[in-house]
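Participant: A single structure is presented below for examination.
The values are calculated or read from the model by the stated rules, or taken from the named source; none is laboratory data. Please read all numbers here as calculations on a predicted model, not as lab measurements. Cβ placement follows ideal geometry from the backbone for every residue including glycine, while neighbour counts extend to all protein chains displayed.
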Amino acid sequence: MKLLFENWRRFVESAEYDDKFTKLLNAEKFEQAFALADSLGISRKDLPWTYNSVLKWLRTNPDYERAETSSPDDEMPFVRAQLLDKIGMTTADFRKLPWSQAARSKSKRRYPVKKTKWKARGLSRRFVESVEPRGVALVPGKFKPPHAGHLEMVKHYARFVDEVVVLISPLALKIGEGKVIDADRSAQVWDIYLRDAGISNVTVMTSPSNSPVRAAFEYVENKEENPFYAQSGDRIIMGASTKDGDQQRFKGNLQKYAADGVKIVDPMKYAAEPQEPVLSATDFRLALSQEEDITPWLPKTSQNEESIRQITHILNANAEEEVDDESSS
């Protein structure tokens, strides 16, 4: 009986707070809503947001207003995503929100209701989504094997783009007698990293080119009309870190190679700062060839017994394949 009463009390309180938050968000009293959420230990992402209320909150930020008026096509997807990260949302979360409180309430009801005007607004919203620029970060490289520094770069971009695309060079690298790391094994390790880190907006694929720069050109050109490559409307950041001037690779004008409707955003604005210690795939391969502890090269989220076992098994498997003996990362 006591448990039933406690559950009922929690339900009443949650409904009461939900109503309070709804009123504050509708009145655009966002800071008050945040303060109340923080005092109750409630994530800002879990507030009763709607598409409209988030949009109103975004427009209270000078950066968003400036991007909306000065460069809505080029910068908007990234500015919006960076701001959404402050309330724990991704662009995908934002787009899934109900259009209004009427729509939100309707989704909770268990009985038939009359159609309301929000239905038409919902159609308009879906139309807007279909033509809204999509932010993509392109991260090409050898990744033989990927290490914690690579994942940190992907995490950096995943916070403010719709999708991060990791392109793995197809050429395999030798790490020991009869052992190589090919693109498939690299992708398997990436899958473990992303799973453990809980990152869902990343696509990993093998590039047709050995050169990461050439792979980037082919992705934005998309001469073969590959549905997984750049599409009209995409706004693309060439992913890079500031390590050893890495971002300089893509400083040139890639725009003239891009397919129609694809825009390249200045990579210098968004280059990721490498985390200490700065890691090397060459050193990682050396540790593997000498059967040393590989934990220092693994992301902290993957430094658990099961993940280490899986990664070690993948990278230590034998393979008979033509490989590249070069030692560069």
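Participant: Please tell me if ALA102 is under 25 Å from GLY135 (Cβ atoms), part of a helix (DSSP H, G or I), modelled with pLDDT of 50 or more and not charged (D, E, K, R). Break it down stepwise before answering.
Facilitator: Numbers: under 25 Å from GLY135 (Cβ atoms): no; part of a helix (DSSP H, G or I): yes; modelled with pLDDT of 50 or more: yes; not charged (D, E, K, R): yes.
No; evaluated as a whole, the condition is false for this residue.
Participant: Determine which single condition LEU167 fails, assuming it passes every other condition in (1) without any contact (Cβ under 8 Å) to a residue 12 or more places away in the chain; (2) touching a Pro at 6+ places or on another chain (Cβ under 8 Å).
Facilitator: Failed condition: (1).
Each row is one residue, and each column tells you yes or no for (1) surrounded by fewer than 18 Cβ atoms within 10 Å (Cβ to Cβ); (2) part of a strand (DSSP E or B).
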{"residue": "TYR157", "(1), (2)": "no, no"}
{"residue": "VAL165", "(1), (2)": "no, yes"}
{"residue": "LEU171", "(1), (2)": "no, no"}
{"residue": "LYS174", "(1), (2)": "no, yes"}
{"residue": "ASP191", "(1), (2)": "yes, no"}
{"residue": "THR203", "(1), (2)": "yes, yes"}
{"residue": "VAL213", "(1), (2)": "yes, no"}
{"residue": "GLU218", "(1), (2)": "no, no"}
